[in-house]
Amino acid sequence: MTNTIGDMEKADVILITGSNTTENHPVISTYIKRAVKFKGAKLIVVDPRRIKIAGFARHWLRSNLGSDVAWINGMMHVIIKENLYDKEFVNARTEGFEQLKAMVEKFTPEYVEEITGIPAQKLTEAARMYAQAKAASIVYCMGITQHISGTDNVKSLANLAMLCGNLGIEGGGVNPLRGQNNVQGACDMGGLPNVFTGYQSVNNADAVKKMEAAWGVSGLSDKPGLKVTEMLPMAHTGEMKALYIIGENPLVSDPDLNHAKKSIEHLDFLVVQDIFLTETAQLADVVLPSACFAEKEGTFSNTERRVQRVRKAVDAPGQAMDDWRITCEIAKRMGYAMDYADAEAIMKEIASVTPSYAGITYERIDYEGIHWPCPAADHPGTPILHTAQFPIGKGKFHAIDYIPPAESTDKEYPMYLTTGRVLYHYHTKTMTGKTEGLNERSPGSFVEISFKDATAYGLRDGDTVEIASRRGTITSAVKVSGMAVSGTVFIPFHFIEGAANMLTNAALDPVSGIPEYKVCAVRLAKAA
Amino acid sequence: MDTQNLIVINGNEFTFTPGETILQVARRNSIPIPTLCHLKKANPTGQCRICVVEVEGARSLVASCAAPAGPNMVVRTETPAVVEARRLVLQLMLSSGNHNCAARVSDDNEWSRFQLEVNRYDKTDALCPVWGDCELQHLAYQYQVSAERFPKTEVPYEMEDVNPFIVRDFSRCIKCGRCVQACNDVQVNNAISFGYRGTDTKIVAAEDKALKDSDCVFCGECVQVCPVGALVEKNARYDVRPWECEKVRTTCSYCGVGCQLWLHVKEGKVVKVSGVEDVAPNYGSLCVKGRFGFDFIHSPERLTDPLIKENGKFRKATWDEALNLVARKLGDIKEKNGGDSIGVLTSARVSNEENYIANKFTRAVLKTNNIDHCARL
Ligand code: SF4
Ligand code: SF4
């Protein structure tokens, strides 16, 4: 997030898209709901489902799946045409405006309506509302990123925010909500194939030299590595021989599960380190038991870049150990000593090689976390990014054209499927599934369908239905719901029985490598 | 000094900023004023009247939570009239329902009869489930009141325990309305409100349905703010007493909000979770996963030993055996096919320190940049 969570209560307009906020980030949704209910903020929700937060919105724009670039360009078309953009900001702090203007020229509200299904009038009103706000915040989540055009979608939202001068100010910003507790931290800490900690590029010779010196090694690779979505196919072809998986369960979360399983079975050697014997761990050659969050010291970085403490409350069961200790033990046995007294010693090393974490110490974040960048021990942290300038100097507008999703409906597969989460479960359910009460509230997979479609298919609540895509077939229980819009069904991806990802499409965004979980074509039939 | 913004409380002068309530000024200066209905994150309602104080020149006692501090106001917080008013409020609260914490003193037989009756209702022989952790009980001791002054009134509503998380015990509800504000003004879930009237007042969900059939999303904000034993976590009720627990502060391990939690630990086990008040990002609020989804920590399905697969079956191994095997295998593959034939998936679930170590291991030991995590999935 460019801004903080608390900042949302200072926005005049909040635009939420691709985030089912009340279910996936419930506590953030309270900030937004309070902003609307008590602070007079106006809410715009753009989402293919009539999600709960839409009930708080002035405008709920129902977009067709995968049509985000089109409606965002459409809004910018209106804003430019009606001269509502922030000229001062555009002149002083951005470049590429002319190209953007040329690109959005054709995205008239009428043209956008054809693509997105959003009525031209509503789009225009929403665009005006966003542009005329003193401070407007954009909030998004996987509904934006999990598309083949995910990177384009994100850049388009940044375009919109820059166009209206909504970056670097209180109550503004472009605010991605991270799904998992420490996605932010995993990225910050070099858990990515192309960067060391703090996004220092692996093909930057200086960064390589610095790391070699800090780690006392030579010959670090300066070639960007493989993304997870590339590793599995390479396992299939035999180029990838071994995987060491720490705390992840790609066998439920991967798109096109059938294929993922086969790929993993091709490996010569698989090590899985986890707190449970997950679906993925069951395929491993060696399983290493690790400690969970309540059993260890450390830090997580939340979605607003706030580095916060994790503390040990109880002992890990049996022989289970901290993940870092296990990895260090393997390193030692491979001839490289990685000795740390404790997690705090690791944080000291992180701070020494990572400019944005340089000022973070356990002592400083003992009571309240600090937002990185925090470059020095006396730096207060950076709640709002880009207040004076962008890291690259001027903010660059990207002229982006709309491309349709990888799969569309046809005679054989006439319905759209989109996937997501529910309030009561988390990810692949390995943790939430252990709480009986959560299972009671959300016992199993379901397919959410509109009243109209249910009637057309002769389906009733609780009926068992077969859903097939070009990749697989599952059965699931019907849930007739006002959240669904006819023509599109929704299935949560948490469940291994009735797994949504047997159906989803593994087509990837070419830049981020994120699969298009949010759109595929399916057909429904009442199960015999 | 700007005499405009001075207020006198118990004989001492204090400054205030316009808009501050008497209560806020008092608390800021460590002058205790008791409250029950007051909820920091919402607008004051003045519902319970326990926070009354005497203000010179005012015709009656003033609810300090709602009254703004005024220039040259002279306030007294514990005069006989104030104490008497508070005692009355407490006596009325204690006389209604099952407050069997022994604040309800009475002659021996009467007490025993009452206690047994409540035990039957509660299906336990323990005292009130929040004994020692109750703001009403605390005040009853502080002001030394009993429930004798008024005849006991019955509460006509049955206890509700049909959902997995929250027990609603109307017999202990004092109708302060904190939960209603927590639900409507803090979480904005709009699930509960005041229903019925007068002595029949009840906190209702929708048209007096069970929580599980209402808009309730089991965030538990109402439980956290309930000052008495009317709303209690189902699994902790009677089993978890505050003096048996140690509290450890940490960060939620579910979504990216990173809510600050207290883990309540009893005999080496996490038995309850509550939100940490007064700090970002959540200021005490949590969601159902963070508050109630902690059973996995002590699940019997947790992995406890390293496992090695032999002939398609796992067997337990020692750390040395497992680690040596992993190191040897990865070493061999690296030797034979190069580091780029190995991949590491680190995790959006583990700590920064652990991600850093995985990153260092991959690049410095395996000599590849094949490291990623599944957050895009
Ligand atoms: S648990 Fe949350 S949603 Fe349910 S009644 Fe309490 S405050 Fe409202
Ligand atoms: S309590 Fe809920 S909202 Fe807060 S971090 Fe945990 S999962 Fe997210």
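The numbers here are math on the coordinates, done by the rules we state, and not lab data. These numbers were taken from a predicted model, which means no experiment stands behind them. In this analysis, Cβ positions are derived from the backbone assuming ideal geometry, glycine residues included, and neighbour counts consider all displayed protein chains.
Give me the net charge of residue A:412's neighbourhood, meaning all other residues with Cβ under 9 Å from the Cβ of residue A:412; Lys, Arg count +1, Asp, Glu -1.
Residues close to residue A:412 contribute a combined charge of +2.
Once R0 is set to 22 Å, what does the formula 1/(1 + (r/R0)^6) return for the Cβ-Cβ distance between residue A:81 and residue A:392, expressed as a FRET efficiency to the nearest 0.05?
Taking R0 as 22 Å, the efficiency between residue A:81 and residue A:392 is 0.20.
Net charge near residue A:211, counting Lys/Arg +1 and Asp/Glu -1 over other residues with Cβ under 9 Å of its Cβ?
+3
So what's the net charge close to residue A:62: Lys and Arg +1, Asp and Glu -1, counting the other residues with Cβ under 11 Å from its Cβ?
After counting each charged neighbour, the total is +2.
Normalised radius of gyration for the range B:307-374, please: alpha carbon Rg relative to 2.2 N^0.38 Å, two decimal places.
1.23
Students often forget the sequence filter, so: which lysines lie under 18 Å Cα-Cα from residue A:210 once same-chain residues fewer than 8 apart are removed?
A:223, A:348, B:360, B:367
What is the mean projected area of the alpha carbon convex hull for the protein assembly as shown, to one decimal in square nanometres?
Directional mean of the projected Cα hull area for the protein assembly as shown stands at 41.2 nm².
Which of rounded, prolate, oblate describes the range A:415-526, given a ≥ b ≥ c as roots of the alpha-carbon gyration tensor eigenvalues and a/c under 1.5 marking rounded, otherwise prolate only if a/b is larger than b/c?
It is oblate, given that a/c is not under 1.5 and a/b is not larger than b/c.
Pairs of alpha-carbon atoms within less than 8 angstrom and 6+ residues apart define the contacts here; what relative contact order does the range A:259-376 have, in percent?
19 percent
In nm, give the distance between the simple-model label positions of residue B:202 and residue A:315, each being 7 Å from the Cα along the Cα-to-Cβ direction.
Rounded to a tenth, the inter-label distance reads 4.8 nm.
Of the listed pairs A:52/A:122; A:155/B:289; A:209/A:296, which have alpha-carbon separations greater than 29 Å here?
The answer is A:155/B:289; A:209/A:296.
Over chain B, calculate the relative contact order: mean separation of alpha carbon pairs under 8 Å at least 6 apart, over the residue count, as a percent.
10 percent
A 18 angstrom limit on the alpha carbon distance is what I want to check against. Which of B:41/B:266; A:479/B:234; A:452/A:526; A:332/B:329; A:241/B:334; A:452/A:479 exceed it?
B:41/B:266; A:479/B:234
Rounded to two decimal places and with Rh computed the Kirkwood way over Cα pairs, what is Rg over Rh for chain A?
For chain A, the value is 0.96.
Which is the longest stretch in chain B that no exposed loop site breaks, taking sites as GluC sites (Glu not before Pro) with a DSSP loop state and at most 11 other Cβ atoms within 10 Å?
Counting at most 11 other Cβ atoms within 10 Å as exposed, the longest clean stretch of chain B is B:268-377.
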